[in-house]
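Have a look at the structure below, then the notes.
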Amino acid sequence: MGALHPRLLAFLRQLDHHDFRSGERIADRLGLSRASVHGLARQAADLGVMVQSVRGRGYRLAEPLHLLDEGRLATALAPAGFHVLCLAEADSTNLRLQQLAEAGAPHRTLLAAEWQSRGRGRRGREWRGVLGGSLTFSLLWRFRRPLSMLSGLSLAVGVALARAMTRLGAADLRLKWPNDLLRADAKLAGILIELSGDMLGPAAAVIGVGVNLRAADRLAAEVGQPVADLESALGRAVDRNELLAALATELGEVLPAFDQEGFAPFRRAWQELHAWQG
């Protein structure tokens with residue numbers, strides 16, 4: 001997927017869903033020409049954010065847009081020991097967090113990006129998203145148990161994601177072995193876990209998660225398979241900060257139990273959610 005214009009997110013932060021904002025005022029605030037502002041509106045549309053433009057009135061978001069707020073997330077998740085980083089853009093949140101882990105990033109580091117230019121899924125597949133309509137993040141978890149005892153980790157993570165979204169009001173969620181969250185047999189979220197450490201010593205996992213929030217039809221056309229989105233499941237717009245905090249909080253409950261007891265405490269829950277159990 002393409003790269004973001006350096007000023008695109010700043011432009012989107014100037015806009016509102018309810019009221020038009022003057023193009024001239026936006027241009028002045030960003031230090032750009034009016035033509036450049038119009039170009040930013042076009043790129044936003046190309047990436048999935050529809051911006052309405054009306055001569056004499058300015059620009060307005062066609063639907064609510066909740067950009068990531070690092071300060072808000074850090075405040076919400078600090079009591080649970082998370083260290084939050086939000087990036088405007090990353091090639092891959094997993095790759096970026098792996099680099100930070102090798103440099104000594106602390107346990108429970110959570111890295112989220114507004115946009116991934118080279119998001120990855122299993123088997124080298126590309127993870128595609130919509131600007132503002134997807135949530136992509138990675139979590140560094142340092143386990144006391146060795147690599148040889150991390151079997152079932154992706155399944156436990158799936159249980160955590162399903163629990164958190166169910167609490168937000170989503171129904172009919174199912175898990176597909178080993179790393180997909182489904183709704184009505186369509187992919188709602190994916191998990192990519194990359195491990196490091198010793199077979200007999202402490203291990204670390206970078207747990208990557210991608211969630212589709214809206215624009216399922218657009219994504220389905222791009223990836224060539226059925227896609228579900230969370231806003232359709234909930235019947236309302238989703239604040240991505242609220243969602244990320246909910247998912248991280250649930251992971252913060254599930255992963256310590258997994259470190260202590262392995263997959264056994266989650267086996268029954270996973271089987272109840274398994275899309276094709278039996």
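The values are calculated or read from the model by the stated rules, or taken from the named source; none is laboratory data. What you are looking at is a predicted structure, and each value in this text was computed from that prediction instead of being measured. Cβ sites come from the backbone with ideal geometry, for glycine too, and all protein chains shown count toward neighbours.
Within the range 49-84, the only residue that satisfies the criterion of being over 26 Å from Ala215 (Cα atoms), assigned to a strand (DSSP E or B) and among the aliphatic types (A, V, I, L, M) is Val84. Residues that are closer than 14 Å to Phe258 by Cβ and assigned to a strand (DSSP E or B) do occur in the range 183-194, at least one of them. Answer with yes or no whether Leu195 is surrounded by 13 or more Cβ atoms within 10 Å (Cβ to Cβ), assigned by TED's automatic domain parsing to the domain that holds His83 and more than 18 Å from the chain's Cα centre (by Cα). In short, yes. Residues in the range 60-75 that are surrounded by 15 or more Cβ atoms within 10 Å (Cβ to Cβ) and either out of contact with any Asp or Glu (no Cβ under 9 Å at 6 or more places or on another chain) or on the phi > 0 side of the Ramachandran plot (or both): Leu65, Asp69, Arg72, Leu73, Ala74. From the list Arg174, Arg163, Arg118, Arg183, which one is over 24 Å from Phe82 (Cα atoms), touching an Asp or Glu at 6+ places or on another chain (Cβ under 7 Å) and surrounded by 14 or more Cβ atoms within 10 Å (Cβ to Cβ)? The unique qualifying residue is Arg183.
Contact map, the range 13-31: first residue of a type in the set (Val, Ile, Thr), second residue surrounded by fewer than 16 Cβ atoms within 10 Å (Cβ to Cβ), Cβ cut-off under 9 Å, separation 6 or more or different chains; pairs are Ile26/Arg34. When the residues of the range 2-54 are filtered to those that are in contact with a Gly (Cβ under 7 Å, 6 or more places away or on another chain) and among the hydrophobic types (A, V, I, L, M, F, W, C), the one that is surrounded by the most Cβ atoms within 10 Å (Cβ to Cβ) is Val37. The sole residue among Leu219, Leu213, Leu247, Leu234 that is at pLDDT 95 or above and surrounded by 14 or more Cβ atoms within 10 Å (Cβ to Cβ) is Leu247.
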